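Structure first, then comments.
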Number of protein chains: 4
Amino acid sequence: MRILFTNDDGIHAPGIRALWQAFAGQGDLIAVAPDEERSATGHGITVHKPLRVESLKQYEGEVQAWSVNGTPADCIKLAFEAILTEPPDLVISGINRGPNLATDVLYSGTVSAAVESVIYGVPAIAISMAGHDSLDYQWAAKTCCFITQQLLADTVEPHTLLNINVPVCSHELIKGIRVTRLGQRRYRNILEKRIDPRGKSYYWIAGEVEDVVAGEGTDIAAVADSYISVTPLHFDLTDEPKITDVAAWLQKQ
Amino acid sequence: MRILFTNDDGIHAPGIRALWQAFAGQGDLIAVAPDEERSATGHGITVHKPLRVESLKQYEGEVQAWSVNGTPADCIKLAFEAILTEPPDLVISGINRGPNLATDVLYSGTVSAAVESVIYGVPAIAISMAGHDSLDYQWAAKTCCFITQQLLADTVEPHTLLNINVPVCSHELIKGIRVTRLGQRRYRNILEKRIDPRGKSYYWIAGEVEDVVAGEGTDIAAVADSYISVTPLHFDLTDEPKITDVAAWLQKQ
Amino acid sequence: MRILFTNDDGIHAPGIRALWQAFAGQGDLIAVAPDEERSATGHGITVHKPLRVESLKQYEGEVQAWSVNGTPADCIKLAFEAILTEPPDLVISGINRGPNLATDVLYSGTVSAAVESVIYGVPAIAISMAGHDSLDYQWAAKTCCFITQQLLADTVEPHTLLNINVPVCSHELIKGIRVTRLGQRRYRNILEKRIDPRGKSYYWIAGEVEDVVAGEGTDIAAVADSYISVTPLHFDLTDEPKITDVAAWLQKQ
Amino acid sequence: MRILFTNDDGIHAPGIRALWQAFAGQGDLIAVAPDEERSATGHGITVHKPLRVESLKQYEGEVQAWSVNGTPADCIKLAFEAILTEPPDLVISGINRGPNLATDVLYSGTVSAAVESVIYGVPAIAISMAGHDSLDYQWAAKTCCFITQQLLADTVEPHTLLNINVPVCSHELIKGIRVTRLGQRRYRNILEKRIDPRGKSYYWIAGEVEDVVAGEGTDIAAVADSYISVTPLHFDLTDEPKITDVAAWLQKQ
């Protein structure tokens, strides 16, 4: 089996390293990831400037690794089209430092890399720590291994895309795995305005989470209740039920 | 009515200007857009460095305009949270130079700005020229005006999000409007490798379009057949039908 | 006569526009300048990514203008090597928003563009407003015109490089022109530490000026005394008097 | 003794590591360097966006190390003003991958960091490999150690600034050390124009060296003749001999 790892925290981040260590011995391991942190890049790709790829010798043995001066989606494109001689069997993106829950998956470089892989017809897993403190990447990586094995035991459809969030409580307290749908989340007081020493204003994006849809069955609820959340995703943004309504409006002319 | 315009080609691009000119006299017109071209930024937001906002006096009269050194999604956040005293009634993002069809909406800054608006509960329209040559922005802007009026004639749900692509043939040849679903598209031969004068290699992302799903009812087919394509979008990436399958796999343990 | 204008405040800044307006009718006027503000870039050049050049139609008539996504030194290289069919007779860089006095010329993109020109064998003038408020660019541009005529009345050596700073007091109060040497200046309390909304620290470079050498004959003194300061510069950083000392130390081995 | 190391190839480059290894046991060793390659940045400083400083644990023992998302000159400012509790006794910048000879010192981030240090009143050494292949950083670092000891054996003036270039031939062939002046160098055919896959042109800065002044006594000649070149530098760009000429021109009015 050939597994391709990527992330948006950068090739030197502890999350991706925990992954390739946990998968040691399970096939060809390849990592193609950004040269530095590129979180919140969404599904951006780099079309107006050139990309650089660098082979990283220090990881050989464990994994064949490359760094790219681009986004996670760029990394997948480069891996599939320029670095690898044949496509991988699976792409795993993460382990992200911090959650990728609910509406926030739209901003997530981690999830976008997984989406990009599925566009190429290769199943993918995005995995994130659902908090910022006490991150036990090793344990989360083992969980990812286990879920992967379950996934690969059956015939996997090429469009399979799972978004996993692992609670950051002590792992004895984790109650199990729940298959969920995305909740909905937005942010309040999101911009902080400051004045620089030259008297010009600037803004930081920040804000407190407001969970708009977080009820039973959502990824937000699962994680809050100490379950590992596994959400199957697709990448078709069509709002099927609205097609008829819109057609009706437009025919009124 | 208060309309907020944005785009990903930059505040000085002809597409956004055509929009605010077409909507002149129809309410308060505000533009908050990137200071320079930020296409293919996907739904990226800027969290690791500060954002700057600049008021642009030269457009006053026509529109109140601000430029932001960030992505289209940043522009919407800044508009809603820092620049505007009350939210707009509608957001229009575009007119983009080039198509935003099928799977490519995932990479689109234009569409992401519209999605961001809908997350805030304000209906939004993304509009793009479905080609790169002979772009008649004025005519496309008038079409956008017309569709907007149809849309606002009824009570509009706050989550309404329309993705419009306008064919670039001579407008007498345009046959009408079709309400569509997203097709599926990928790219072949996507990376072009070159060597810089210092002997280091670099890559350009390019590639030829391969329409994987482009049949009847898709946006790709509508545009190819000289129809204006209107696709209702949502932003819930949950793959509902797969929830049962994934739960079944995981219970086999 | 062919005059090439550049700056580090960007091609759309008022200072460079005042220059080409003041020189109207005095020959072929060309402007090649950064697409946005690039101050404090020092003598940086762009070698690891490609440069883009864009022809700006809106200034035609007044001046032939190009914008470059690079530093002021990049602009000079592009002008001499790619844009112009023959070299200019003179390069004028500015009018900078803010002073370029004393040690600060080392950080100055404005001065670096002038140095780059002299390396190519073309005489150059860097001109700056010696303050940040009440900037009368038109008057400063006329002064630049006058000094240029004096300079060109004689045979000018190709390595001639003048650094001009214009006081920002009302111009009736300006007492005349002084030819000066560079003073020496450093900054105190130069860094301002702040914490971003994610709890990570960052720094702004700021600081209060401390004039270490500002006595008679310096550019600092001239400007403080309401004189226009004109400092002839060269670009040879060799410390000639020290050559003997260093040789002596090394022979002690 | 407290020695501060910096460079423009980035904190992880082999040249800076060779330096701190060669100076092991000779005092407090501190490194503050850019987080990634920033060559050819000249004397740029970062004033329009904030700087980040990160402490690097992996080098502790050998050296206390920090990385900065800024230029070499930014690193010196941060080290002196924010990171260090008291100033160092000496700053060493390098070992640069590639030469910093002649006029090219103006573009050099390596040399600019040394200049910045001298502005603060601390003597500094910039050291570079005078070629791009077969780089024996260990040997060059030992040479730097030796020169430093000679320098510190006497009372060193705080404005002492040495620019060292080490030939890249096998070190048995190196004939000794020469104290030199800067030669003069420019580049021919400097820009390479290409077309990107979207049909837009771009340029790479490259070019062949043309040594305009390379005679006896210059750094260029020393290195070509297999000598280590040591050039004392200063940072006063005033062209003293021209002061009288320029005053004469201006009085003709």
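The values are calculated or read from the model by the stated rules, or taken from the named source; none is laboratory data. Quick caveat, the model's predicted, so the values are computed rather than measured. In this analysis, Cβ positions are derived from the backbone assuming ideal geometry, glycine residues included, and neighbour counts consider all displayed protein chains. Ligands, DNA and RNA are stripped out before the accessible areas are found, and what is left, the full protein with its side chains, is counted by its heavy atoms. Shrake-Rupley method; radii C 1.70, N 1.55, O 1.52, S 1.80 Å.
Across all directions of projection, what mean area in square nanometres is found for the Cα convex hull of segment B:1-72? Could you put the intermediate results ahead of the total?
Working: hull surface 19.7 nm².
Averaging across all directions leaves 4.9 nm² for the Cα convex hull.
Find which of D:Pro158, D:Asn189, D:Thr218 sits farthest along the positive direction of the dipole of segment D:135-222, computed with +1 on the beta-carbon of Lys and Arg, -1 on that of Asp and Glu, about the Cα centre.
Looking along the dipole axis, the top candidate is D:Asn189.
5 Å is the cut-off here: which amide hydrogens, built 1.01 Å from N in the peptide plane, fall below it relative to C:Val212, excluding neighbours closer than 5 in sequence?
C:Gln184, C:Arg185, C:Arg186
Other chains' Cβ within 10 Å of B:203-211 residues: what's the mean?
Shielding by partners across B:203-211 averages 5.
For segment B:1-138, restrict the atom set to alpha-carbon positions and state the Rg and Dmax in Å.
My reading of the Cα-based Rg and Dmax gives 13.5, 39 Å.
Any idea how far apart B:Glu86 and C:Glu216 come out in nm if each label point goes 7 Å out from Cα toward Cβ?
Here the modelled spin labels are 6.9 nm apart.
Over the residues of segment A:100-149, compute the C-alpha Rg and express it relative to 2.2 N^0.38 Å.
Here the Cα radius of gyration is 1.25 times the empirical estimate.
Can you give the average number of partner chain beta-carbon atoms within 10 Å of each beta-carbon in peptide D:51-58, as a whole number?
Values: counts 7, 7, 6, 2, 0, 0, 0, 0.
Across the residues of D:51-58, the mean count of other-chain Cβ atoms within 10 Å is 3.
Output ³J(HN,Hα) for segment C:235-241: one whole-Hz value per residue in order, computed from phi by the Karplus curve 6.51 cos²θ - 1.76 cosθ + 1.60 with θ = phi - 60°, and x for Gly and Pro.
Result, ordered by residue: 10, 9, 7, 4, 9, 3, x Hz.
Along Cα-to-Cβ, 7 Å out, sits the label point; list in nm, shortest first, how far the one on D:Gly121 is from those in the other copies.
Once sorted, the set of distances for D:Gly121 reads 4.5, 6.1, 7.1 nm.
If r is the Cβ-Cβ distance from D:Glu54 to B:Gln21 and R0 is 41 Å, what FRET efficiency results, to the nearest 0.05? Don't skip to the end; give the middle numbers.
Numbers: r = 48 Å, r/R0 = 1.18.
Taking R0 as 41 Å, the efficiency between D:Glu54 and B:Gln21 is 0.30.
Grab the residue from chain C whose Cβ hugs the C-to-D rotation axis most tightly, plus its distance in whole angstrom.
Per the Cβ-to-axis criterion, the result reads C:Gly42, 2.
For B:Gln251, place a label point 7 Å from Cα along the Cα-to-Cβ direction in every copy; what are the distances to the other copies, in nm, shortest first?
Here B:Gln251 shows inter-copy label distances of 4.2, 9.3, 10.2 nm.
Per-residue Cβ counts within 10 Å, from other chains only, averaged over C:137-150: what number is that? Could the numbers behind the result be given before it?
On the way: counts 0, 0, 0, 0, 0, 0, 0, 0, 0, 2, 4, 0, 1, 7.
What the average comes to for C:137-150 is 1.
Would you mind telling me which residue in B:Pro123, B:Pro241, B:Pro34 has the biggest mean-square fluctuation in a Gaussian network model of chain B, where springs connect alpha carbons within a distance under 10 angstrom?
Result for chain B, Cα springs under 10 Å: B:Pro241 fluctuates most.
Tell me, what are the semi-axes, in whole angstrom and largest first, of the equivalent ellipsoid of segment B:53-96 as set by the roots of 5 times the Cα gyration tensor eigenvalues?
Equivalent ellipsoid of segment B:53-96: 16, 13, 13 Å, largest first.
For every helix of n ≥ 4 consecutive DSSP H residues, a contribution of -39,500 (n - 2.57) applies; sum these over the protein assembly as shown, divide by its total residues, and give [θ] at 222 nm rounded to the nearest 500 deg cm²/dmol.
Computed mean residue ellipticity for the protein assembly as shown: -7000 deg cm²/dmol.
Please grab the % of Cα pairs in segment C:69-211 that end up more than 19 Å from each other.
60
Suppose you put the label 7 Å out from Cα in the Cβ direction; list, shortest first and in nm with one decimal, how far C:Cys169 is from each other copy's label.
6.1, 7.3, 7.3
Give the distance, in whole Å, between the Cα centre of segment C:82-137 and the Cα centre of segment B:70-98.
38
I need two numbers for chain C: Rg to one decimal and Dmax as a whole number, Cα atoms only, in Å.
Answer for chain C, Rg first and Dmax second: 19.3, 67 Å.
Cα centroid distance between segment D:145-208 and segment B:18-53, in Å?
Cα centroid of segment D:145-208 versus Cα centroid of segment B:18-53: 44 Å apart.
Let me know the charge dipole size of segment D:86-170 about its Cα centre in debye, to the nearest 20, where only the beta-carbon of Lys, Arg (+1) and Asp, Glu (-1) is charged.
With Lys and Arg at +1 and Asp and Glu at -1, about 200 debye.
Can you pull out the buried accessible area for chains A and B, both sides counted, probe 1.4 Å, rounded to the nearest 100 Å²?
Approximately 7200 Å² gets buried when A meets B.
Given the peptides B:167-176, D:176-185, D:106-115, arrange them by the average over their residues of other C-beta atoms within 10 Å, most packed first.
Highest-to-lowest ranking by the protection proxy: D:106-115, D:176-185, B:167-176.
Using the Karplus curve 6.51 cos²θ - 1.76 cosθ + 1.60 with θ = phi - 60°, work out ³J(HN,Hα) for each residue of segment D:188-201 in order, rounded to whole Hz, and write x for Gly and Pro.
10, 6, 6, 10, 10, 8, 9, 10, 7, x, 8, x, 8, 7
About the Cα centre of chain A, what is the dipole size in debye to 20, counting +1 per Lys and Arg Cβ and -1 per Asp and Glu Cβ, all else neutral?
660
Where is the GNM fluctuation largest for chain D (alpha-carbon springs, 10 angstrom cutoff): D:Lys193, D:Lys49, D:Lys77?
Taking springs between Cα atoms under 10 Å, the residue moving most is D:Lys193.
Give the accessible surface of chain D per residue, rounded to a whole number of Å², with probe radius 1.4 Å and ligands, DNA and RNA excluded.
Result: 37 Å² per residue.
Mark the label point 7 Å from the Cα of C:Asn189 along Cα→Cβ and return the residues of segment A:192-209 whose backbone N is within less than 18 Å of it.
Within reach of a label on C:Asn189, which here means backbone N under 18 Å from a point 7 Å along Cα→Cβ, segment A:192-209 contributes A:195-200.
Please report, largest first and rounded to whole Å, the three semi-axes of the ellipsoid equivalent to the protein assembly as shown, where each semi-axis is the square root of five times an eigenvalue of the C-alpha gyration tensor.
52, 37, 24
Leaving out ligands, DNA and RNA, what percent of the accessible area of segment C:16-173 is carbon and sulfur, probe 1.4 Å?
47
Once you order the gyration tensor axes a ≥ b ≥ c over the Cα atoms, which shape class does segment D:128-253 get: rounded for a/c under 1.5, otherwise prolate or oblate by comparing a/b with b/c? Numbers along the way, then the final one.
Working: a/c = 2.22, a/b = 1.08, b/c = 2.06.
Judged from the Cα gyration tensor, segment D:128-253 comes out oblate (a/c at least 1.5, b/c at or above a/b).
Could you derive backbone 3J(HN,Hα) for segment C:112-122 from the dihedral phi with the Karplus parameters 6.51, -1.76 and 1.60 (θ = phi - 60°), listing whole Hz in sequence and x where the residue is Gly or Pro?
Per residue, the Karplus-derived 3J(HN,Hα) values read 4, 4, 5, 4, 4, 5, 5, 4, 6, x, 10 Hz.
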